């Protein structure tokens, strides 16, 4: 899978960001910027090992090609923000 962006080394792995400032973000909050949760299974994985699907300007990360494929069949259903309005208003991360 081709990666785009600027390669950034962190903890022996390569991550890709859109600008060099991303390396500072990784250093400041590695859990937030190096991990992702599969929206189908809820499994958290390292971004460099994830399968990626772009939809409406956002990257979604998956633990397998199968879950990426499932998402790809109806991305508009999975891409809906399912948090309550009160959670979204205070910035609670899932």
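The values are calculated or read from the model by the stated rules, or taken from the named source; none is laboratory data. In this text the structure is predicted, and so the values were computed from the model without any measurement. Cβ coordinates were reconstructed from backbone atoms using ideal geometry, including for glycine residues, and neighbour counts include every protein chain displayed.
At-a-glance table
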quantity: Cross-chain or 6+ apart pairs with Cβ under 8 Å, segment 63-81 first and modelled with pLDDT under 95, then surrounded by fewer than 14 Cβ atoms within 10 Å (Cβ to Cβ) and assigned to a helix (DSSP H, G or I); calculated: 81/88
quantity: Unmet requirement for residue 37, which otherwise passes all of (1) closer than 19 Å to residue 64 by Cβ; (2) modelled with pLDDT of 80 or more; (3) in contact with a helix residue (DSSP H, G or I) (Cβ under 9 Å, 6 or more places away or on another chain); calculated: (3)
quantity: Filter result (touching a strand residue (DSSP E or B) at 6+ places or on another chain (Cβ under 6 Å) and assigned to a loop (DSSP other than H, G, I, E, B)) within segment 40-51; calculated: 50
quantity: Filter result for residue 53 (in contact with a helix residue (DSSP H, G or I) (Cβ under 9 Å, 6 or more places away or on another chain) and under 20 Å from residue 75 (Cα atoms)); calculated: yes
quantity: Any hit, segment 22-33, residues being within 12 Å of the chain's Cα centre (by Cα), under 16 Å from residue 65 (Cα atoms) and surrounded by 13 or more Cβ atoms within 10 Å (Cβ to Cβ); calculated: no
quantity: Inter-residue pairs, beta-carbon under 8 Å, first assigned to a loop (DSSP other than H, G, I, E, B) and in segment 7-29, second modelled with pLDDT of 80 or more, 6+ apart; calculated: 11/34
